[in-house]
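The values are calculated or read from the model by the stated rules, or taken from the named source; none is laboratory data. All figures in this text were calculated on a predicted structure; none of them were measured in a lab. Cβ atoms come from the backbone with ideal geometry, glycine included; neighbour counts cover every protein chain shown. Quick note on the areas: whole protein, heavy atoms, side chains included, nothing else; ligands and nucleic acids left out. Shrake-Rupley method; radii C 1.70, N 1.55, O 1.52, S 1.80 Å.
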Amino acid sequence: MSENLHQRAQQLFSQSLVEGLSSADQAWLEAHLRECAACVREVASTRELLHAFRSVPVSVPRDLAARTQMRVRLRAQESAQASASSALLWVITGASWLLGVLSAPLVWRGFAWVGSQLNVPKPVLELGFVLWWAVPALIAVAGVLHQRAVNSGTAGKG
Ligand SMILES: [Zn+2]
């Protein structure tokens, strides 16, 4: 059997699903399907597919989608509060680190000048320098502790 006949059969079958066939085409298709197992299988699998699509209950996915949406929204609200405070901490930590790195050479020059003017021993200068550099980090730690206290306070109130 020629390939064109099978193609025509599939085309007619698709057409029959969408807009219907003329009686001549319908008769031709039926005659072909009686003789051609390959096209029958093709038609059957297409019908099964269409049936599967149609038999999916629409209300279940809609309901599921709504419930999922609500759950996602609730989760987002919950984590928004938690992530806002942790984002703030990251900003503070990052800013303090950046500030420390950027200001370090300047601060060290200042410490060296003060040390040379006041004749301060180098270990004391270095300690002061380390402390200066640690101040932003200490502020960040204070911020963390403060944030935790605020969070536990609101959690206690419910
Ligand atoms: Zn065929």
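Could you check how much of the accessible area of segment 1-51 is carbon and sulfur, as a whole percent, using a 1.4 Å probe? Let's see the in-between values first.
On the way: 1830 of 3580 Å².
Percent of accessible area from carbon and sulfur atoms in segment 1-51: 51.
Work out how much length residue 73 to residue 40 would gain on full extension: take 0.36 nm times their residue separation and subtract the Cα-Cα distance, in nm to one decimal.
Details: separation 33, 0.36 × 33 = 11.88 nm, distance 4.87 nm.
Value of the extension gain: 7.0 nm.
Length gain on complete extension for the stretch residue 25 to residue 127, per 0.36 nm per residue less the alpha carbon to alpha carbon distance?
Gain on stretching residue 25 to residue 127: 27.1 nm.
Roughly how many nanometres apart are two label points built 7 Å out from the Cα toward the Cβ at residue 109 and residue 139?
Between residue 109 and residue 139, the simple spin-label model gives 2.1 nm.
Please work out the FRET efficiency for the pair residue 2 and residue 52, using the Cβ-Cβ distance as r and a Förster radius of 41 Å; give the result to the nearest 0.05.
Values: r = 32 Å, r/R0 = 0.77.
Approximately 0.80, to the nearest 0.05.
If DNA, RNA and ligands are ignored and the probe is 1.4 Å, what is the ranking of 132, 28, 97 by accessible area, most exposed first? Spell out each step's value before the answer.
On the way: 132 140, 28 65, 97 170 Å².
Largest to smallest exposure gives the sequence 97, 132, 28.
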